Amino acid sequence: KKVIDTPILIIGSGYGGAVSALRLCEAGKKVVMLEMGLNWEKSGIPFSNLLKPGKSAAWLKKKTIAPFMNLFSLTPFTGTLDRLDFEHINIWVGRGVGGGSLVNGGMAVTPKESYFREVFPDLDARKFYSTYFPLVHKELKVNVIDEQFLKDCPYYQFTRVGEEEAHKAGFKTIRVPNVYDFQYMEKEYRNEVPRSALNTEVIYGNNHGKNSLDKTYLKKALETGNLEILDLHRVDHIKLNDDKTYTLNVQQTDTSGAAVADKIFNCQKLILAAGTMGTLKLLLHSHAMSQFPVHEEIGKSWGNNGNFMTGRNWVKPMSGGTGAKQSTIPVGGIDNWDDPEHPFFTEIAPLPMGMDVATALYLLINRVDKKGEVSYDAGSRKLVLDWNESHTAGMRKNADYFIKKMNRANGGTRSHFLFNNGFGADVCYHPLGGCVLGKATNEYGKLKGHDHLYILDGSLIPGTIGVNPFVTITAIAEYCIENLIRENEFA
Ligand code: FDA
């Protein structure tokens, strides 16, 4: 086996990994990043759209795995979108250099300050709202759609109808910022540049327009000359050595998923940023393989960020419905968070199926009143999730209340076309928690029971943040890495 020694190693190239890489590289540190997915930019392979799924559509699957309409067969390839199936919940994650930023809807939402304070009582909220959130907005290139364009563009009929109906039902709507470049979108609309959001590209990657991490944090980190990213490198397990260094067993694959080399990496400092499920799997699997020490808090306070999908059929069929053509980038939301009986936020989501299905899709984000827990089954080598219908019961009540109120005011039925009984309790895009900041780790993400291992990803957030999470994940990573560097952890 090839053995590679490196001082600082990062596992995963999503938000937490990209932030850590940039700040360490800027501080003059040499960093190696291991990512199991493909470096799409380097590969030159284009992303495919929703209507013609190709290589980028799914991680080593024979059929597409989008939440709806999986009629398409595939040749297994290391695609961008993966789905982890558990008994009561399916969790979608991004794979590739850029992690979830390659596949997500780009919604860049700052949490409500009151909820942030409730979730993170020990953090200095004032500093987050004055420093880290503005910094993250700048680095991620967050922008907002022009209201006139939104009004005129036929691709946003679903948002206009969604907002109009919400107002009629007495709900409050909000504009949602995004990392998709809306200036670019306006040019797409005028046919001055190749189309991406207006060409059903999103969950299998965007060829243009979207400022994913490979265009922001990772690009800047690479420009320092201090970062090396090794794609198609999957870490299997980690061993803690007697001298407190780490040894990683890594498999390099080709794009069909076949192993091409087994490698050993030795490092002094290790940053785990494999995403909530990836990080938990690595910690618990390594524990089973090599007595790797794991703190008793690991796996606790896991949540789906209150994700609950639902939809309504026959939305304004007589007046043109939600539109045959839809932008893939959501820009509207309904904010019902201040209702003490039914607190939720919901995205007015696109459903770009190439025809008007007169259906409105909503991804609700609720509070998580009952947290789940993640453990590991050494026999099957799989994560086990303590998560069932009891965890989503309150979310279902909110969805029911929301749909009934919308239908009473506007007509329509709960969408049985999209989900079995109109409720997608099992759809999760936002797994969070399991290595909670200040519980499983110290106040800056250093894992308890370890001297040189840091967790910097969504697993630090205790299962809920009330809005789409990547702005918060990025801000927490900025805060942690700044303090870890200041405390000379990487000296
Ligand atoms: P992230 O998951 O981004 O990155 C982890 C990386 O580690 C991945 O690239 C993975 O391949 C790699 N990895 C894992 N295990 C490994 C191993 N053993 N070896 C090597 N590499 C490994 N959020 C939001 O705020 N707004 C939005 O609009 C959306 N929309 C959305 C849509 C869809 C379809 C999905 C799936 C998700 C979203 N999200 C979202 C969620 C958001 O994308 C998600 O919360 C973040 O990407 C999580 O960031 P992390 O840094 O935690 O890990």
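Here the condition is being among the β-branched types (Val, Ile, Thr), more than 20 Å from residue 24 (Cα to Cα), within 16 Å of the ligand (Cβ to nearest atom) and touching a Gly at 6+ places or on another chain (Cβ under 8 Å); of 461, 465, 455, 403, it holds for 461 alone.
Might you check whether a residue that is at pLDDT 95 or above and part of a helix (DSSP H, G or I) occurs anywhere in segment 106-113? The answer is yes; a qualifying residue exists.
Inspect all residues belonging to segment 472-485 and state whether any of them is modelled with pLDDT of 95 or more, within 12 Å of the ligand (Cβ to nearest atom) and assigned to a loop (DSSP other than H, G, I, E, B). No, the conditions are met nowhere in segment 472-485.
One line per residue, one yes/no per condition, for (1) hydrophobic (A, V, I, L, M, F, W, C); (2) surrounded by fewer than 21 Cβ atoms within 10 Å (Cβ to Cβ); (3) touching a Phe, Trp or Tyr at 6+ places or on another chain (Cβ under 7 Å); (4) in a loop (DSSP other than H, G, I, E, B):
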site: 122; (1), (2), (3), (4): no, yes, no, yes
site: 145; (1), (2), (3), (4): yes, no, yes, yes
site: 148; (1), (2), (3), (4): no, yes, no, no
site: 162; (1), (2), (3), (4): no, no, no, no
site: 203; (1), (2), (3), (4): yes, no, no, yes
site: 219; (1), (2), (3), (4): no, yes, no, no
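Among the residues of segment 67-87, the ones that are small (Gly, Ala, Ser) and touching a helix residue (DSSP H, G or I) at 6+ places or on another chain (Cβ under 8 Å) come to 1 in all. Residue 353 - would you say it is modelled with pLDDT of 95 or more and over 19 Å from the mean Cα position of the chain (by Cα)? For residue 353, the condition - modelled with pLDDT of 95 or more and over 19 Å from the mean Cα position of the chain (by Cα) - is not met.
Contact map, segment 52-81: first residue over 15 Å from residue 257 (Cα atoms), second residue β-branched (Val, Ile, Thr) and buried (at least 18 other Cβ atoms within 10 Å of the Cβ), Cβ cut-off under 8 Å, separation 6 or more or different chains; pairs are 53/64; 66/203; 67/427; 70/64; 71/64; 72/64.
Matching residues to (1) within 16 Å of residue 4 (Cβ to Cβ); (2) among the charged types (D, E, K, R); (3) within 14 Å of the ligand (Cβ to nearest atom):
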{"residue": "210", "(1), (2), (3)": "no, yes, yes"}
{"residue": "229", "(1), (2), (3)": "yes, no, yes"}
{"residue": "250", "(1), (2), (3)": "yes, no, yes"}
{"residue": "270", "(1), (2), (3)": "yes, no, yes"}
{"residue": "278", "(1), (2), (3)": "no, no, yes"}
{"residue": "281", "(1), (2), (3)": "no, yes, yes"}
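Condition check ((1) modelled with pLDDT under 95; (2) surrounded by fewer than 18 Cβ atoms within 10 Å (Cβ to Cβ); (3) within 27 Å of residue 291 (Cα to Cα)) across all residues:
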position	(1), (2), (3)
223	no, yes, no
226	no, no, no
231	no, no, no
238	no, no, yes
242	no, yes, yes
248	no, no, yes
253	no, no, yes
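Of these, 147, 165, 188, which one is within 25 Å of residue 348 (Cα to Cα) and in contact (Cβ under 8 Å) with a residue 40 or more places away in the chain? Selected residue: 165, the only one of 147, 165, 188 that is within 25 Å of residue 348 (Cα to Cα) and in contact (Cβ under 8 Å) with a residue 40 or more places away in the chain.
Checked against the criterion of being under 16 Å from the mean Cα position of the chain (by Cα) and closer than 27 Å to residue 8 by Cβ, the candidates 106, 100, 28 yield just one match: 100. Against the condition among the polar types (S, T, N, Q) and within 14 Å of the ligand (Cβ to nearest atom), how does residue 13 come out, does it pass? Yes. Comparison of 57, 108, 21, 27 shows that the only residue that is of a type in the set (A, V, I, L, M, F, W, C) and near the ligand (Cβ under 10 Å from one of its atoms) is 108. Every condition in (1) more than 15 Å from the ligand (Cβ to nearest atom); (2) modelled with pLDDT under 95 holds for residue 50 except the one numbered (1).
Regarding residue 42, is this residue assigned to a loop (DSSP other than H, G, I, E, B), surrounded by fewer than 19 Cβ atoms within 10 Å (Cβ to Cβ) and charged (D, E, K, R)? Against the criterion (assigned to a loop (DSSP other than H, G, I, E, B), surrounded by fewer than 19 Cβ atoms within 10 Å (Cβ to Cβ) and charged (D, E, K, R)), residue 42 does not qualify.
The values are calculated or read from the model by the stated rules, or taken from the named source; none is laboratory data. Remember, it's a predicted structure, so these values are computed and weren't measured experimentally. Here Cβ is always computed from backbone atoms with ideal geometry, including for glycine, and neighbour counts include all displayed protein chains.
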